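Below is one structure, written out as structure tokens; the observations come after it.
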Amino acid sequence: MVPAAAVAQAYPTKPIRLVVPFPAGGSLDVVARAIGQKLTEAWGQPVVIDNRPGAGGNIGADLVAKSAPDGYTILEGALSTHAVNVSLYAKMPYDPVKDFAPITLVAVTPNVLVLNASYPVNSVPELLAYARANPGKLSFGSGSNGSAGHLAGELFKTEAGVDMVHIPYKGGAPALQALLAGDTQLMFDNLANSAAQLKAGKLKALAVTTAKRSSLIPELPTLSETGLPGFDIYTWWGFMAPAGTPKEIVAKWNAEVTRILKIAGDEGVLRAAGRRARAGLAGAVRGADQE
């Protein structure tokens, strides 16, 4: 029998499948492809992104949970797949704790309340006033049932005492397209997903959903500051392997992804992304203030 340490040292010797349990084009997909490319360069083996959307991420997560624990099928899990769905679905096809070996947290991002730029509401108090006066007339989209965007919208409804219609889509990208098309009026989106459209002036931001303001756009208030005290929801995602994966392989993934994220920050990639998001959000905030 080959020692586990020797297996990990040789790993990988064939292509790796990185499962993203949401459609292509969303923030999880973008991050997976960026890191996957760097892993391919470092290890000399292709890291292939496999989008498996459906059931709030359960389809993709279940595929990984039932895969061979050899390090060649990895999941990019998220808030929905490992924290929310156990309460949302009567029966789960996998155990989010027992069926996975956590590798590393990849990102934590605040959500931002965004509206179509043409919608004639420019502050949270204005939005609350309209929603209370027009029950059931506002709709908000999200990437799926149980996503951070969905939960933020439901918490908003509860805390504000308003009636809005939730429309789930198969991923953050389709939900964003629906908002841009005017099919929905608002969305609680993560910054990475909406930054480009905010910068282009097609969306406007009213507030962040976290307890504290975001360093990316400190002039944008929190929902707590604008009428909903205690409001705090954010998004996270990270890499996970099937339970039973050799700990040496999990450690190798952890070390390499940590190195990639550090280099990205040191080289200014993350800072540049932050500047783009900051510029886009600042413009959207100024536009809302001026209308």
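Annotations for the structure displayed:
- Under the membrane-span-like helix rule (DSSP H runs whose alpha carbons stretch at least 30 Å along the helix axis, mean Kyte-Doolittle hydropathy 0.5 or higher), the chain yields none.
- Between ALA196 and GLU225, the modelled labels are 2.9 nm apart [label points 7 Å from Cα along Cα→Cβ].
- For GLU248, neighbours were defined as the other residues whose beta-carbon sits under 13 Å from its Cβ, and their charges (Lys and Arg +1, Asp and Glu -1) total 0.
- The alpha carbon centroids of the range 131-174 and the range 210-230 are separated by 19 Å.
- Most to least packed among 211-224, 116-129 [average Cβ atoms within 10 Å]: 211-224, 116-129
- For the chain, dividing the convex hull volume of the Cα atoms by the residue count gives 121 Å³ per residue.
- The range 1-115: C-alpha gyration tensor shape, a/c 1.5 cut-off, then a/b vs b/c: oblate
- Full extension of the segment from ASP232 to VAL97, taken as 0.36 nm per residue of separation minus the current Cα-Cα distance, would add 46.2 nm.
- Between VAL165 and LYS66, full extension at 0.36 nm per residue minus the direct alpha carbon distance yields a gain of 32.1 nm.
- Net charge over other residues, Cβ less than 11 angstrom from the Cβ of ALA152 (K, R count +1; D, E count -1): -3
- Calculated [θ] (222 nm, deg cm²/dmol) that DSSP helices of n ≥ 4 give over the chain, each run adding -39,500 (n - 2.57): -13000 deg cm²/dmol
- Fully extended contour minus Cα-Cα distance, from ARG259 to ARG132, at 0.36 nm per residue: 40.8 nm
Read-outs throughout are calculated quantities, based only on the coordinates presented, and are distinct from any laboratory measurement. All figures in this text were calculated on a predicted structure; none of them were measured in a lab. Note: ideal-geometry Cβ built from the backbone for every residue, glycine included; neighbour counts use all protein chains shown.
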